[in-house]
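The values are calculated or read from the model by the stated rules, or taken from the named source; none is laboratory data. Owing to the predicted nature of the structure, the values given are computational and were not obtained by experimental measurement. Using ideal geometry, Cβ is built from the backbone for each residue, glycine included, and neighbour counts are taken over all protein chains shown. With ligands, DNA and RNA removed, areas are computed over all heavy atoms of the protein, side chains included. Shrake-Rupley method; radii C 1.70, N 1.55, O 1.52, S 1.80 Å.
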Amino acid sequence: KRAGGAHFVFYEPHMSARAKEQLELQRDLRQALTRDGELELHYQPKISARDGSLTGVEALTRWRHPERGQLGPGIFIPVAERFGLINALGAWVIEQACIQAVAWRDQGQPLAVAVNLSVHQLRQADLAERTAELLAKHGLDPALLSFEVTESVAMEDTGHTLRVFEQLGEIGIQLSIDDFGTGYSSLSYLRQLDADQLKIDQSFVRDLEHSADARAIVQAVVSLAHALGLSVIAEGVETEGQRDILSALGCDELQGYFYARPMPASALEDWRQNRST
Ligand code: C2E
Ligand code: CA
Ligand code: CA
Ligand code: CA
């Protein structure tokens with residue numbers, strides 16, 4: 001009923017309930033991309049393991065669907081990918097992150113914002129060019145924007161990835177390899193790849209307190225990162241025990257519910273204010 005304009009939804013008798021739902025979601029997402037307020041970035045703090053200071057935030061996209069309520073990216077990112085909306089959504093996310101980073105800078109509280117890139121965005125030949133255009137348009141220092149690319153995506157099509165990383169590095173964008181430890185990076189490729197940070201996947205963090213293997217893996221990733229001149233952040237930190245182990249193992253930054261959940265920009269500003277008083 002909300003499908004106005006040219007966006008019809010066709011139902012075929014053999015379609016599964018899931019296929020129908022996906023079609024409806026892609027129609028609604030198309031509309032959400034053209035109007036304000038449904039899509040929103042939430043921001044999760046990244047914390048220095050050394051002194052507990054706020055080092056930046058990760059932007060995580062949320063969708064306030066008019067009928068279904070708040071949807072997480074696990075629901076709508078696959079829909080966007082499947083129906084060719086991911087580049088439009090990805091561009092919207094990068095621009096929103098720029099606008100927010102400019103606002104925080106102008107409030108005298110600069111904060112670096114990290115954005116997650118999908119495989120399709122990384123495959124765009126002109127990603128660096130478009131990003132440079134957005135930075136110029138908003139007058140944002142590239143030091144205040146960074147990208148996270150999952151290890152498995154970074155390891156596909158390595159020739160192309162090397163080039164894009166190099167171009168992004170040239171315009172001053174920091175790059176983090178997300179979910180590190182779940183893919184199969186070769187060490188020589190990792191050395192060539194011009195990344196700045198490894199992000200230890202939350203599956204290892206979850207097991208830290210009970211598994212010597214998980215501790216050994218984290219220790220190895222920290223050594224590898226530092227040997228290659230990369231910093232290392234752990235995600236999914238939920239307990240004090242995990243924080244203590246990660247700090248002891250030499251992780252540079254920590255992120256997770258133990259510190260804060262992802263939250264809207266205004267809530268993040270309050271959180272920051274309360275912390276400093
Ligand atoms: P990710 O990049 O690995 O993000 C971490 C996920 O873990 C986020 O889920 C975050 O809310 C959640 N998280 C943070 N701290 C904790 C914790 O202490 N414990 C646990 N159990 N979870 C924690 P979220 O927001 O549902 O995002 C899921 C995935 O969706 C992200 O995984 C990312 O790959 C993708 N995603 C989110 N926003 C975007 C986007 O704008 N573009 C693209 N391409 N992907 C996005
Ligand atoms: Ca991420
Ligand atoms: Ca991750
Ligand atoms: Ca993950």
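Which length gain, in nm to one decimal place, applies between I99 and L187 when the Cα-Cα distance is subtracted from 0.36 nm times their residue separation? Numbers along the way, then the final one.
Details: separation 88, 0.36 × 88 = 31.68 nm, distance 3.64 nm.
Contour length minus Cα-Cα distance gives 28.0 nm.
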Neighbour net charge for Q22 - beta-carbon separation under 15 angstrom, K R +1, D E -1: +1
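Nearest 5 is fine: what % of DSSP beta bridges in the chain come out antiparallel, could you say? Walk me through the numbers before you get to the answer.
Values: 15 of 36 bridges.
Expressed as a percentage, antiparallel bridges in the chain total about 40.
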Value of [θ]222 nm, deg cm²/dmol, for the chain, DSSP H segments ≥ 4, -39500 (n - 2.57) each, nearest 500: -14500 deg cm²/dmol
Carbon + sulfur, % of accessible area of the chain - ligands and nucleic acids excluded, 1.4 Å: 49 percent
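If Lys and Arg each add +1 and Asp and Glu each add -1, what is the summed charge of the other residues whose beta carbon sits under 12 Å from the beta carbon of Q70?
Numbers: positive: R62, R64, R68; negative: E38, E40, E67.
The answer is 0.
Ordered by packing density, taken as the mean number of other Cβ atoms within 10 Å over each peptide's residues, highest first, how do 263-271, 163-171, 86-94 rank?
Numbers: 263-271: 15.2, 163-171: 17.7, 86-94: 19.4.
Ranked from most to least packed, the peptides come out as 86-94, 163-171, 263-271.
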Amide N proximity, the range 161-178 versus D194 label position 7 Å along Cα-to-Cβ, cut-off under 13 Å: 161-175
For the range 175-277, accessible area per residue (1.4 Å probe, heavy atoms of protein chains only), Å²: 49 Å²
Using alpha-carbon coordinates, inclination of helix 212-227 to the longest axis of the chain, degrees: 80 degrees
Between 0 and 90°, nearest 10: helix 127-138 axis offset from the chain longest Cα axis: 90 degrees
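Grab the eigenvalues of the alpha-carbon gyration tensor for the range 27-79, scale each by 5, take roots, and send me the semi-axes largest first in whole angstrom. Please report the intermediate quantities before stating the final value.
On the way: eigenvalues 178, 22, 15 Å².
Here the semi-axes work out to 30, 10, 9 Å.
Quote the Stokes-Einstein diffusion coefficient, in whole µm² s⁻¹, for the range 98-149, based on the Kirkwood radius over alpha carbon pairs, a temperature of 20 °C and a viscosity of 1.002 mPa s. Provide the component values of the computation, followed by the final result.
On the way: Rh = 11.6 Å.
Rounded to a whole number, D works out at 185 µm²/s.
Restricting everything to alpha-carbon atoms, can you work out Rg to Rh for the chain with a Kirkwood hydrodynamic radius? Don't skip to the end; give the middle numbers.
On the way: Rg = 19.6 Å, Rh = 19.9 Å.
My calculation of the ratio gives 0.98.
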